[in-house]
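Take a look at the structure set out below.
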Amino acid sequence: MYYYPLQPPYFLLLVGFLTALTSGLALSGTLKVIVQKWPSVPQEPIKSRSSLKQLFVPFMGITGGVCLFMSSGLEIFGFPSPLALGIGLPLSLLTCVFVWLQLGSLLEFARSRGMQSLDLDSWS
């Protein structure tokens, strides 16, 4: 037998999407501010407490929004609620952890070698 939810969580899907979107815009603005401060404070390390706090809050908003979006989307497509949460939560959390680690190493690389080292168009 197929499982069809009586009231699919379309509202939760929209809330998760909007949460991730607005938190992504906040993370983008925070990253711009941090990068603009680099020339004025050359000795401040990338992984300082203030930089991590500034980036961590919007990133946790993105993570929560993606978890909610993925779990709601799986439930809309017919997964039972516990199974949708059991698949969506670990998948989105692991993805966000890997993105967080990549973001930290990319910021450290850009800080040490300059932003011109990230230009991939000049290699072709």
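Is there any pair linking a residue in the range 20-36 that is on the phi < 0 side of the Ramachandran plot to one that is of a type in the set (S, T, Y) and surrounded by 13 or more Cβ atoms within 10 Å (Cβ to Cβ), with Cβ under 8 Å and at least six apart or on different chains, and which?
Note: pairs meeting the criteria are I34/S51.
Quick one: in the range 19-36, which of the residues that are more than 12 Å from the chain's Cα centre (by Cα) and surrounded by 13 or more Cβ atoms within 10 Å (Cβ to Cβ) is modelled with the lowest pLDDT?
That would be V35.
Would you check which residues across the range 61-82 are aliphatic (A, V, I, L, M) and at pLDDT 95 or above and list them?
Result: I62, V66, L68, M70.
Which members of the range 67-120 meet the condition of being under 30 Å from W38 (Cα atoms) and part of a loop (DSSP other than H, G, I, E, B)?
Hits for the range 67-120 are G114, D119, L120.
The values are calculated or read from the model by the stated rules, or taken from the named source; none is laboratory data. The model shown is predicted, which means the values in this text are computed figures rather than measured ones. Because the Cβ atoms are built from the backbone with ideal geometry, glycine has one as well, and the counts that use them run over all protein chains shown.
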